[in-house]
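Only one structure is covered here, and it is reproduced in the block below.
The values are calculated or read from the model by the stated rules, or taken from the named source; none is laboratory data. Note that the structure is a prediction, hence the values are computed from the model and not measured. Every residue, glycine as well, gets a Cβ built from its backbone with ideal geometry; the counts of neighbours run over all protein chains shown. To get the accessible areas, we keep the full protein, side chains included, count just its heavy atoms, and leave off ligands, DNA and RNA. Shrake-Rupley method; radii C 1.70, N 1.55, O 1.52, S 1.80 Å.
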Amino acid sequence: MANVLGIFAHVDTTLDAIRKLRDKGFSDLTVYTPVPVEEIEAEVERVRPLSNVRLFTLIGALSGTSLGFFLTIWTSLRWSLVTGGKDPVSYPPFVVIAFELTILLGGLATALAILILGRLPKLTPSPTYDPRFTVDRFGVAVACPPETVDQVRSVLTVAGAEEVRR
């Protein structure tokens, strides 16, 4: 895969380039902006698949609930802790522990998912990053097969890129 980078000065031309690239069938885009721009974010998010972070959170939360009830019920049965004449397995007081472990393990699983799925920490910089993207320029990097590099360059140039490089 080859990377082609187009550097833009304006939001409108950047948004136009993203739309033209999508129309031509190029979907593997990385967009760099100095400030958050809702229009660009909406255009990029339109075709992005749903994140698997929510699956990690669900599994962590359900594990926490199960672990919370298991620990409290097992402890109560193992040492027969009868409190206030209630049955050893009395669910209402166990809900508190189950809830706390649900939140704890759900949060820890979410943090783990962000690290794993985000491939963090990223020790090598992106090959298409340019320091101007933190000041006043916008960038659109396209990962494409080598035989379509000229087509991508022409789309970026027609859209108004100040500079196009590989």
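Of the residues that make up region 29-40, is at least one modelled with pLDDT under 95, exposed (fewer than 13 other Cβ atoms within 10 Å of the Cβ) and not in a helix (DSSP H, G or I)?
Checking region 29-40: at least one residue is modelled with pLDDT under 95, exposed (fewer than 13 other Cβ atoms within 10 Å of the Cβ) and not in a helix (DSSP H, G or I).
Give the residue, chosen from Leu120, Leu108, Leu112, Leu104, that is touching a helix residue (DSSP H, G or I) at 6+ places or on another chain (Cβ under 8 Å), in a loop (DSSP other than H, G, I, E, B) and open to solvent by 50 Å² or more (accessible area, probe 1.4 Å).
Result of the check over Leu120, Leu108, Leu112, Leu104: Leu120.
Restricting to region 41-60, name every residue that is more than 21 Å from Ala109 (Cβ to Cβ), open to solvent by 70 Å² or more (accessible area, probe 1.4 Å) and not in a loop (DSSP other than H, G, I, E, B).
Glu41, Glu45
Here is a check on your reading of the model: is Phe99 aromatic (Phe, Trp, Tyr), assigned to a helix (DSSP H, G or I) and either within 30 Å of Trp74 (Cα to Cα) or open to solvent by 80 Å² or more (accessible area, probe 1.4 Å) (or both)?
Taking the combined requirement at face value, the residue satisfies it.
Across region 120-166, which residue is nearest to Leu5 (Cα to Cα) among those that are in contact with a Pro (Cβ under 9 Å, 6 or more places away or on another chain) and aliphatic (A, V, I, L, M)?
Checked region 120-166; the qualifying residue nearest to Leu5 (Cα to Cα) is Ala141.
Looking at (1) on the phi > 0 side of the Ramachandran plot; (2) of a type in the set (Gly, Ala, Ser); (3) in contact with a helix residue (DSSP H, G or I) (Cβ under 7 Å, 6 or more places away or on another chain), which is the one condition that is false for Ser80?
Going through the list (1) on the phi > 0 side of the Ramachandran plot; (2) of a type in the set (Gly, Ala, Ser); (3) in contact with a helix residue (DSSP H, G or I) (Cβ under 7 Å, 6 or more places away or on another chain), Ser80 breaks only (3).
Within region 61-90, restricting attention to residues that are at pLDDT below 95 and among the polar types (S, T, N, Q), which residue is most open to solvent (accessible area, probe 1.4 Å)?
Filtering first and then ranking leaves Thr83.
Would you call Thr13 touching a residue at least 60 places away in the same chain (Cβ under 8 Å) and either aromatic (Phe, Trp, Tyr) or assigned to a helix (DSSP H, G or I) (or both)?
yes
May I ask you to list pairs of residues, at least six apart or on different chains, whose Cβ atoms are under 7 Å apart, with the first in region 104-130 being in contact (Cβ under 8 Å) with a residue 24 or more places away in the chain and the second being open to solvent by less than 90 Å² (accessible area, probe 1.4 Å) and among the aromatic types (Phe, Trp, Tyr)?
Ala109/Phe56; Thr110/Phe56; Leu112/Phe56; Ala113/Phe56; Tyr129/Tyr32
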